[in-house]
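Participant: Supplied in C-alpha coordinates, the structure appears directly below.
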(Lines give C-alpha, C1' and ligand atoms only; values in the text may rest on other atoms or scores of the structure.)
Protein backbone atom coordinates (compact mmCIF):
# COMPACT_ATOMS: atom_id res chain seq x y z
CA UNK A 1 0.00 0.00 0.00
CA UNK A 2 1.21 3.49 -0.82
CA UNK A 3 2.65 5.09 2.30
CA UNK A 4 1.83 8.76 2.89
CA UNK A 5 4.53 8.93 5.56
CA UNK A 6 7.15 8.19 2.90
CA UNK A 7 5.85 11.17 0.92
CA UNK A 8 6.38 13.52 3.85
CA UNK A 9 9.86 12.19 4.58
CA UNK A 10 11.00 12.65 1.02
CA UNK A 11 9.25 16.01 0.49
CA UNK A 12 6.90 14.75 -2.17
CA UNK A 13 3.39 15.80 -3.24
CA UNK A 14 0.95 12.90 -2.91
CA UNK A 15 -2.23 12.19 -4.88
CA UNK A 16 -3.61 9.08 -3.25
CA UNK A 17 -7.31 9.82 -3.58
CA UNK A 18 -7.55 10.54 -7.32
CA UNK A 19 -11.02 10.00 -8.72
CA UNK A 20 -10.55 8.88 -12.29
CA UNK A 21 -11.07 6.05 -14.75
CA UNK A 22 -11.01 2.56 -13.25
CA UNK A 23 -7.67 1.62 -14.74
CA UNK A 24 -5.03 0.21 -12.42
CA UNK A 25 -2.07 1.26 -14.58
CA UNK A 26 -3.33 4.80 -14.97
CA UNK A 27 -3.98 5.19 -11.25
CA UNK A 28 -0.56 3.73 -10.48
CA UNK A 29 1.22 6.48 -12.40
CA UNK A 30 -0.97 9.21 -10.99
CA UNK A 31 -0.03 8.05 -7.50
CA UNK A 32 3.67 8.41 -8.18
CA UNK A 33 5.05 11.16 -5.92
CA UNK A 34 6.12 14.38 -7.61
CA UNK A 35 9.15 16.25 -6.18
CA UNK A 36 8.17 19.39 -4.30
CA UNK A 37 10.25 21.62 -6.55
CA UNK A 38 8.29 20.49 -9.60
CA UNK A 39 4.95 22.20 -10.17
CA UNK A 40 2.75 21.44 -13.17
CA UNK A 41 1.18 24.48 -14.80
CA UNK A 42 -1.50 23.95 -17.44
CA UNK A 43 -1.73 26.88 -19.86
CA UNK A 44 -5.24 27.29 -21.31
CA UNK A 45 -6.30 29.52 -24.19
CA UNK A 46 -9.14 30.16 -26.66
CA UNK A 47 -8.24 28.99 -30.15
CA UNK A 48 -9.07 30.46 -33.57
CA UNK A 49 -12.66 29.16 -33.54
CA UNK A 50 -13.53 31.53 -30.71
CA UNK A 51 -15.18 28.76 -28.65
CA UNK A 52 -12.80 25.79 -28.43
CA UNK A 53 -10.11 25.70 -25.77
CA UNK A 54 -6.56 24.39 -26.03
CA UNK A 55 -4.04 23.59 -23.31
CA UNK A 56 -0.50 22.42 -22.73
CA UNK A 57 1.60 21.79 -19.64
CA UNK A 58 4.81 23.28 -18.35
CA UNK A 59 6.90 22.24 -15.35
CA UNK A 60 7.81 25.08 -12.98
CA UNK A 61 10.52 24.92 -10.32
CA UNK A 62 8.56 26.76 -7.66
CA UNK A 63 4.96 27.01 -6.53
CA UNK A 64 3.60 30.28 -7.98
CA UNK A 65 2.07 32.74 -5.53
CA UNK A 66 0.78 35.12 -8.22
CA UNK A 67 0.75 35.64 -11.99
CA UNK A 68 4.11 37.43 -11.91
CA UNK A 69 5.72 34.07 -11.20
CA UNK A 70 4.18 32.47 -14.30
CA UNK A 71 6.40 32.87 -17.39
CA UNK A 72 4.97 33.85 -20.74
CA UNK A 73 5.02 31.03 -23.26
CA UNK A 74 4.28 30.42 -26.93
CA UNK A 75 2.58 27.88 -29.19
CA UNK A 76 2.14 27.03 -32.86
CA UNK A 77 -0.69 29.34 -33.86
CA UNK A 78 -0.88 27.86 -37.36
CA UNK A 79 -2.17 24.62 -35.78
CA UNK A 80 -4.95 26.40 -33.88
CA UNK A 81 -6.22 28.74 -36.61
CA UNK A 82 -4.49 31.77 -35.11
CA UNK A 83 -1.43 32.35 -37.30
CA UNK A 84 0.11 31.63 -40.70
CA UNK A 85 2.64 28.83 -41.10
CA UNK A 86 5.44 31.21 -42.04
CA UNK A 87 4.87 33.26 -38.86
CA UNK A 88 3.35 30.74 -36.47
CA UNK A 89 4.83 31.65 -33.07
CA UNK A 90 1.93 32.97 -30.99
CA UNK A 91 2.40 34.20 -27.44
CA UNK A 92 0.56 33.11 -24.31
CA UNK A 93 0.14 35.90 -21.76
CA UNK A 94 -0.88 34.58 -18.30
CA UNK A 95 -4.07 36.38 -17.21
CA UNK A 96 -5.70 34.39 -14.39
CA UNK A 97 -4.52 31.56 -12.16
CA UNK A 98 -6.56 28.71 -10.65
CA UNK A 99 -5.83 25.68 -8.49
CA UNK A 100 -5.74 22.49 -10.54
CA UNK A 101 -8.62 20.21 -9.39
CA UNK A 102 -7.30 17.27 -11.43
CA UNK A 103 -3.75 17.19 -10.06
CA UNK A 104 -4.63 19.23 -6.98
CA UNK A 105 -2.65 21.98 -5.25
CA UNK A 106 0.12 23.10 -5.60
CA UNK A 107 -0.38 22.47 -9.33
CA UNK A 108 -2.15 25.25 -11.23
CA UNK A 109 -4.15 26.09 -14.34
CA UNK A 110 -3.36 29.36 -16.10
CA UNK A 111 -5.91 31.13 -18.31
CA UNK A 112 -4.04 33.05 -21.00
CA UNK A 113 -4.52 35.76 -23.58
CA UNK A 114 -3.13 35.09 -27.05
CA UNK A 115 -1.12 37.72 -28.92
CA UNK A 116 0.87 37.87 -32.14
CA UNK A 117 4.61 38.35 -32.17
CA UNK A 118 4.16 42.11 -32.58
CA UNK A 119 2.13 42.25 -29.37
CA UNK A 120 -1.29 42.73 -31.00
CA UNK A 121 -4.19 40.54 -29.80
CA UNK A 122 -5.22 37.62 -31.99
CA UNK A 123 -8.72 37.97 -33.53
CA UNK A 124 -10.30 35.74 -30.87
CA UNK A 125 -8.58 37.49 -27.96
CA UNK A 126 -11.48 39.67 -26.81
CA UNK A 127 -10.16 39.78 -23.26
CA UNK A 128 -7.68 42.55 -24.07
CA UNK A 129 -10.44 44.95 -25.15
CA UNK A 130 -12.72 43.92 -22.29
CA UNK A 131 -10.00 44.60 -19.72
CA UNK A 132 -9.37 48.02 -21.27
CA UNK A 133 -13.04 49.02 -21.14
CA UNK A 134 -13.60 47.71 -17.63
CA UNK A 135 -10.51 49.54 -16.37
CA UNK A 136 -12.06 52.78 -17.60
CA UNK A 137 -15.10 52.36 -15.31
CA UNK A 138 -13.46 50.90 -12.20
CA UNK A 139 -14.82 53.85 -10.22
CA UNK A 140 -18.33 52.50 -10.95
CA UNK A 141 -17.49 49.03 -9.58
CA UNK A 142 -19.07 46.88 -12.33
CA UNK A 143 -20.41 43.48 -11.26
CA UNK A 144 -21.28 40.55 -13.50
CA UNK A 145 -23.05 37.23 -12.99
CA UNK A 146 -23.18 34.81 -15.92
CA UNK A 147 -25.44 31.78 -16.50
CA UNK A 148 -23.97 29.23 -18.92
CA UNK A 149 -26.31 26.68 -20.47
CA UNK A 150 -24.91 23.67 -22.35
CA UNK A 151 -25.84 20.28 -23.82
CA UNK A 152 -24.17 16.93 -23.14
CA UNK A 153 -23.72 14.54 -26.07
CA UNK A 154 -22.88 10.84 -25.86
CA UNK A 155 -20.33 8.99 -28.00
CA UNK A 156 -22.97 8.57 -30.73
CA UNK A 157 -23.22 12.39 -30.84
CA UNK A 158 -26.79 12.28 -29.52
CA UNK A 159 -28.01 14.16 -26.41
CA UNK A 160 -27.43 12.32 -23.17
CA UNK A 161 -30.57 10.54 -21.95
CA UNK A 162 -32.40 10.70 -25.29
CA UNK A 163 -33.84 7.49 -26.80
CA UNK A 164 -31.42 5.36 -28.83
CA UNK A 165 -31.62 5.10 -32.60
CA UNK A 166 -31.78 8.89 -32.94
CA UNK A 167 -35.07 8.99 -31.04
CA UNK A 168 -36.53 12.20 -29.61
CA UNK A 169 -37.97 12.77 -26.15
CA UNK A 170 -41.46 14.20 -25.67
CA UNK A 171 -41.73 17.62 -27.31
CA UNK A 172 -43.11 19.16 -24.12
CA UNK A 173 -40.14 19.17 -21.77
CA UNK A 174 -42.37 19.57 -18.74
CA UNK A 175 -40.21 17.90 -16.13
CA UNK A 176 -36.56 18.33 -17.15
CA UNK A 177 -36.09 21.89 -15.87
CA UNK A 178 -34.64 21.52 -12.35
CA UNK A 179 -35.82 17.92 -12.63
CA UNK A 180 -34.76 14.69 -10.97
CA UNK A 181 -34.82 10.99 -11.77
CA UNK A 182 -35.35 9.82 -15.34
CA UNK A 183 -36.28 13.34 -16.44
CA UNK A 184 -32.61 14.37 -16.39
CA UNK A 185 -29.30 12.89 -17.57
CA UNK A 186 -25.70 13.65 -16.71
CA UNK A 187 -25.96 14.58 -13.04
CA UNK A 188 -22.70 12.74 -12.23
CA UNK A 189 -20.84 15.08 -14.58
CA UNK A 190 -22.51 18.11 -13.03
CA UNK A 191 -21.55 16.99 -9.51
CA UNK A 192 -17.91 16.47 -10.52
CA UNK A 193 -17.82 19.80 -12.33
CA UNK A 194 -19.25 21.62 -9.32
CA UNK A 195 -16.54 20.33 -7.03
CA UNK A 196 -13.79 20.93 -9.57
CA UNK A 197 -14.97 24.51 -10.06
CA UNK A 198 -15.20 25.25 -6.34
CA UNK A 199 -11.77 23.74 -5.71
CA UNK A 200 -10.21 25.77 -8.53
CA UNK A 201 -11.16 29.15 -7.06
CA UNK A 202 -13.88 30.03 -9.54
CA UNK A 203 -16.68 32.15 -8.04
CA UNK A 204 -19.07 29.30 -8.79
CA UNK A 205 -22.69 30.18 -8.12
CA UNK A 206 -24.55 26.91 -8.67
CA UNK A 207 -26.11 24.64 -11.29
CA UNK A 208 -29.43 23.21 -12.45
CA UNK A 209 -30.93 20.94 -15.07
CA UNK A 210 -32.31 22.88 -18.03
CA UNK A 211 -35.50 22.60 -20.08
CA UNK A 212 -34.17 20.19 -22.72
CA UNK A 213 -33.21 16.78 -21.37
CA UNK A 214 -29.43 16.42 -21.43
CA UNK A 215 -28.88 20.16 -21.05
CA UNK A 216 -27.75 21.91 -17.87
CA UNK A 217 -26.64 25.29 -16.62
CA UNK A 218 -23.91 26.54 -14.31
CA UNK A 219 -23.49 30.05 -12.93
CA UNK A 220 -20.50 32.19 -12.01
CA UNK A 221 -20.54 35.39 -9.98
CA UNK A 222 -21.74 37.84 -8.99
CA UNK A 223 -18.13 39.00 -9.34
CA UNK A 224 -16.48 42.42 -9.74
CA UNK A 225 -14.68 43.31 -12.96
CA UNK A 226 -13.33 40.84 -15.48
CA UNK A 227 -13.21 37.85 -13.12
CA UNK A 228 -16.70 36.63 -14.04
CA UNK A 229 -15.72 36.32 -17.71
CA UNK A 230 -12.41 34.67 -16.76
CA UNK A 231 -14.27 32.27 -14.47
CA UNK A 232 -16.79 31.39 -17.16
CA UNK A 233 -14.04 30.40 -19.59
CA UNK A 234 -12.32 28.38 -16.87
CA UNK A 235 -15.68 26.81 -15.99
CA UNK A 236 -16.02 25.73 -19.61
CA UNK A 237 -12.53 24.26 -19.58
CA UNK A 238 -13.14 22.30 -16.37
CA UNK A 239 -16.50 21.05 -17.65
CA UNK A 240 -15.00 19.65 -20.82
CA UNK A 241 -12.10 18.07 -18.92
CA UNK A 242 -14.54 16.39 -16.52
CA UNK A 243 -16.69 15.21 -19.45
CA UNK A 244 -13.63 13.50 -20.98
CA UNK A 245 -13.71 10.97 -18.14
CA UNK A 246 -17.29 9.99 -19.02
CA UNK A 247 -16.93 9.76 -22.80
CA UNK A 248 -19.22 12.79 -23.11
CA UNK A 249 -18.79 15.92 -25.21
CA UNK A 250 -20.12 19.38 -24.38
CA UNK A 251 -21.90 21.69 -26.83
CA UNK A 252 -22.70 25.39 -26.39
CA UNK A 253 -24.50 25.67 -29.73
CA UNK A 254 -27.57 27.94 -29.30
CA UNK A 255 -29.95 25.53 -31.06
CA UNK A 256 -28.37 22.08 -31.19
CA UNK A 257 -31.48 19.96 -31.80
CA UNK A 258 -33.70 21.96 -34.15
CA UNK A 259 -36.66 24.31 -33.96
CA UNK A 260 -38.89 22.03 -31.87
CA UNK A 261 -36.45 21.78 -28.96
CA UNK A 262 -35.35 24.50 -26.48
CA UNK A 263 -32.20 26.49 -27.16
CA UNK A 264 -29.01 27.16 -25.22
CA UNK A 265 -28.24 30.65 -23.89
CA UNK A 266 -25.70 32.44 -21.73
CA UNK A 267 -27.54 35.15 -19.77
CA UNK A 268 -25.48 38.04 -18.40
CA UNK A 269 -26.46 39.88 -15.22
CA UNK A 270 -24.94 43.34 -14.83
CA UNK A 271 -24.87 46.27 -12.43
CA UNK A 272 -22.75 49.24 -11.37
CA UNK A 273 -22.81 51.25 -8.14
CA UNK A 274 -25.41 53.67 -9.45
CA UNK A 275 -27.82 50.79 -10.12
CA UNK A 276 -27.32 49.20 -6.71
CA UNK A 277 -27.86 52.44 -4.74
CA UNK A 278 -31.27 53.77 -3.69
CA UNK A 279 -33.19 54.95 -6.74
CA UNK A 280 -30.92 52.88 -9.01
CA UNK A 281 -33.90 51.78 -11.10
CA UNK A 282 -33.55 55.00 -13.11
CA UNK A 283 -30.01 54.04 -14.17
CA UNK A 284 -31.13 50.48 -14.93
CA UNK A 285 -33.89 51.75 -17.21
CA UNK A 286 -31.45 54.15 -18.92
CA UNK A 287 -29.07 51.27 -19.70
CA UNK A 288 -31.94 49.05 -20.89
CA UNK A 289 -32.91 51.74 -23.41
CA UNK A 290 -29.32 51.97 -24.69
CA UNK A 291 -29.10 48.20 -25.03
CA UNK A 292 -32.30 48.12 -27.09
CA UNK A 293 -31.31 51.11 -29.21
CA UNK A 294 -28.13 49.25 -30.16
CA UNK A 295 -29.82 45.88 -30.50
CA UNK A 296 -28.92 45.18 -34.13
CA UNK A 297 -25.25 46.06 -33.59
CA UNK A 298 -24.96 44.11 -30.34
CA UNK A 299 -26.59 40.96 -31.71
CA UNK A 300 -23.65 40.53 -34.08
CA UNK A 301 -21.44 40.03 -31.02
CA UNK A 302 -23.87 38.06 -28.85
CA UNK A 303 -22.91 34.70 -30.31
CA UNK A 304 -20.06 32.89 -32.02
CA UNK A 305 -18.74 34.75 -35.06
CA UNK A 306 -21.40 37.24 -36.15
CA UNK A 307 -24.09 35.66 -33.95
CA UNK A 308 -26.26 34.34 -36.79
CA UNK A 309 -26.75 30.91 -35.16
CA UNK A 310 -28.38 32.78 -32.29
CA UNK A 311 -31.23 33.63 -34.67
CA UNK A 312 -32.23 29.96 -34.57
CA UNK A 313 -32.63 30.23 -30.79
CA UNK A 314 -34.31 33.64 -30.43
CA UNK A 315 -37.63 32.84 -32.10
CA UNK A 316 -40.07 34.13 -29.50
CA UNK A 317 -40.66 30.54 -28.34
CA UNK A 318 -39.21 28.59 -25.40
CA UNK A 319 -39.03 31.73 -23.22
CA UNK A 320 -37.03 33.78 -25.70
CA UNK A 321 -37.55 37.14 -27.38
CA UNK A 322 -37.32 37.65 -31.14
CA UNK A 323 -33.85 38.01 -32.67
CA UNK A 324 -34.95 41.08 -34.63
CA UNK A 325 -36.57 43.07 -31.82
CA UNK A 326 -35.61 44.19 -28.33
CA UNK A 327 -37.84 44.74 -25.34
CA UNK A 328 -37.28 44.83 -21.62
CA UNK A 329 -39.75 43.90 -18.92
CA UNK A 330 -40.30 42.89 -15.31
CA UNK A 331 -40.32 39.15 -14.52
CA UNK A 332 -40.79 38.48 -18.25
CA UNK A 333 -38.69 35.54 -19.45
CA UNK A 334 -39.76 36.27 -23.01
CA UNK A 335 -38.13 39.71 -22.80
CA UNK A 336 -34.74 40.53 -24.28
CA UNK A 337 -33.72 42.13 -21.00
CA UNK A 338 -35.41 41.10 -17.77
CA UNK A 339 -35.70 42.86 -14.43
CA UNK A 340 -36.57 40.75 -11.41
CA UNK A 341 -39.62 41.75 -9.36
CA UNK A 342 -37.32 42.43 -6.41
CA UNK A 343 -35.47 45.08 -8.45
CA UNK A 344 -38.67 47.04 -9.01
CA UNK A 345 -39.84 46.48 -5.44
CA UNK A 346 -36.53 47.74 -3.98
CA UNK A 347 -36.09 50.41 -6.65
CA UNK A 348 -32.50 49.25 -7.30
CA UNK A 349 -30.45 46.23 -8.32
CA UNK A 350 -29.34 44.79 -11.67
CA UNK A 351 -30.49 43.80 -15.15
CA UNK A 352 -30.38 40.44 -16.91
CA UNK A 353 -29.53 40.45 -20.63
CA UNK A 354 -31.08 37.23 -21.94
CA UNK A 355 -29.98 37.64 -25.56
CA UNK A 356 -26.44 36.14 -25.56
CA UNK A 357 -26.15 32.68 -27.11
CA UNK A 358 -24.63 29.71 -25.34
CA UNK A 359 -21.53 29.98 -27.55
CA UNK A 360 -20.96 33.69 -26.94
CA UNK A 361 -17.67 35.11 -25.71
CA UNK A 362 -18.36 36.64 -22.26
CA UNK A 363 -15.53 39.12 -22.78
CA UNK A 364 -17.42 40.63 -25.71
CA UNK A 365 -20.70 40.80 -23.79
CA UNK A 366 -19.20 42.28 -20.62
CA UNK A 367 -17.39 44.93 -22.66
CA UNK A 368 -20.62 45.97 -24.43
CA UNK A 369 -22.58 46.12 -21.18
CA UNK A 370 -19.83 48.18 -19.54
CA UNK A 371 -19.75 50.64 -22.44
CA UNK A 372 -23.31 51.70 -21.65
CA UNK A 373 -22.00 53.26 -18.42
CA UNK A 374 -19.01 55.16 -19.79
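The values are calculated or read from the model by the stated rules, or taken from the named source; none is laboratory data. In this text, all values refer to a predicted model and were calculated from it rather than measured experimentally. Here the Cβ is made from the backbone with ideal geometry for all residues, glycine too, and neighbour counts use every protein chain on show.
Participant: From the list 275, 234, which one is under 25 Å from residue 127 (Cα atoms) and over 24 Å from the mean Cα position of the chain (by Cα)?
Facilitator: From the options 275, 234, the qualifying one is 275.
Participant: Here is a follow-up. Looking at (1) modelled with pLDDT of 90 or more; (2) in contact with a helix residue (DSSP H, G or I) (Cβ under 9 Å, 6 or more places away or on another chain), can you tell me which one residue 162 breaks?
Facilitator: So the condition that residue 162 fails would be (2).
Participant: Please enumerate the residues belonging to segment 307-324 that are surrounded by fewer than 19 Cβ atoms within 10 Å (Cβ to Cβ) and over 19 Å from the mean Cα position of the chain (by Cα).
Facilitator: Result: 308, 311, 312, 315, 316, 317, 319, 322, 324.
Participant: Name every residue in segment 238-262 that is surrounded by fewer than 22 Cβ atoms within 10 Å (Cβ to Cβ) and assigned to a helix (DSSP H, G or I), in order of residue number.
Facilitator: 240, 241, 243, 244
Participant: While we're here: Can you list the strands (runs of 3 or more DSSP E) lying wholly within segment 28-127 that have 1 or more residues being surrounded by fewer than 13 Cβ atoms within 10 Å (Cβ to Cβ)? Steps first, answer last, please.
Facilitator: Values: elements: 39-46, 53-60, 73-76, 89-99, 108-115.
Once the strands (runs of 3 or more DSSP E) in segment 28-127 are filtered for at least 1 residues that are surrounded by fewer than 13 Cβ atoms within 10 Å (Cβ to Cβ), what remains is 53-60, 73-76, 89-99.
Participant: So which residues in segment 214-229 are surrounded by 24 or more Cβ atoms within 10 Å (Cβ to Cβ) and either farther than 29 Å from residue 136 by Cβ or outside the structural domain of residue 166 (by TED's automatic domain parsing) (or both), if there are any at all?
Facilitator: Of segment 214-229, the ones surrounded by 24 or more Cβ atoms within 10 Å (Cβ to Cβ) are 214-216, 218, 220, 228-229.
214, 215, 216, 218, listed by residue number.
Participant: Here is a further query. So residue 320 clears everything in (1) closer than 17 Å to residue 263 by Cβ; (2) in a loop (DSSP other than H, G, I, E, B); (3) at pLDDT 90 or above except one condition, right? Which one?
Facilitator: Result: residue 320 fails condition (3) only.
Participant: Out of curiosity, is residue 338 without any contact (Cβ under 8 Å) to a residue 24 or more places away in the chain and either surrounded by fewer than 17 Cβ atoms within 10 Å (Cβ to Cβ) or under 23 Å from the mean Cα position of the chain (by Cα) (or both)?
Facilitator: Criteria met by residue 338.
Participant: Restricting to segment 197-208, name every residue that is surrounded by fewer than 23 Cβ atoms within 10 Å (Cβ to Cβ) and in contact (Cβ under 8 Å) with a residue 24 or more places away in the chain.
Facilitator: Of the residues in segment 197-208, the ones surrounded by fewer than 23 Cβ atoms within 10 Å (Cβ to Cβ) are 198-201, 203-208.
Correct list: 199, 200, 201, 203, 204, 205, 208.
Participant: Which members of segment 296-307 meet the condition of being modelled with pLDDT of 90 or more and assigned to a loop (DSSP other than H, G, I, E, B)? Outline the logic, then answer.
Facilitator: Taking segment 296-307 first, the residues modelled with pLDDT of 90 or more are 296-304.
Answer for segment 296-307, where residues must be modelled with pLDDT of 90 or more and assigned to a loop (DSSP other than H, G, I, E, B): 300, 301, 302, 303, 304.
Participant: Please verify whether segment 289-300 includes one or more residues that are touching a strand residue (DSSP E or B) at 6+ places or on another chain (Cβ under 7 Å), closer than 30 Å to residue 114 by Cα and not assigned by TED's automatic domain parsing to the domain that holds residue 50. Show your work before the answer.
Facilitator: Filtering segment 289-300 for residues touching a strand residue (DSSP E or B) at 6+ places or on another chain (Cβ under 7 Å) gives 291-292.
After this cut, where a residue has to be closer than 30 Å to residue 114 by Cα as well, the list is 291.
Subset that is not assigned by TED's automatic domain parsing to the domain that holds residue 50: 291.
There is at least one residue in segment 289-300 that is touching a strand residue (DSSP E or B) at 6+ places or on another chain (Cβ under 7 Å), closer than 30 Å to residue 114 by Cα and not assigned by TED's automatic domain parsing to the domain that holds residue 50.
Participant: Does residue 349 satisfy the criteria of being within 22 Å of residue 222 (Cβ to Cβ), at pLDDT 90 or above, touching a helix residue (DSSP H, G or I) at 6+ places or on another chain (Cβ under 7 Å) and assigned to a loop (DSSP other than H, G, I, E, B)?
Facilitator: Values: within 22 Å of residue 222 (Cβ to Cβ): yes; at pLDDT 90 or above: yes; touching a helix residue (DSSP H, G or I) at 6+ places or on another chain (Cβ under 7 Å): yes; assigned to a loop (DSSP other than H, G, I, E, B): yes.
Judged against the criteria, residue 349 is a match.
Participant: Please go through (1) buried (at least 22 other Cβ atoms within 10 Å of the Cβ); (2) closer than 27 Å to residue 236 by Cβ for residue 275 and return the number of the only condition it doesn't satisfy.
Facilitator: In the conditions (1) buried (at least 22 other Cβ atoms within 10 Å of the Cβ); (2) closer than 27 Å to residue 236 by Cβ, residue 275 misses (2) alone.
Participant: Let me ask another. Among the numbered criteria (1) part of a loop (DSSP other than H, G, I, E, B); (2) closer than 18 Å to residue 259 by Cα; (3) in contact with a strand residue (DSSP E or B) (Cβ under 7 Å, 6 or more places away or on another chain), which one does residue 168 miss?
Facilitator: (3)
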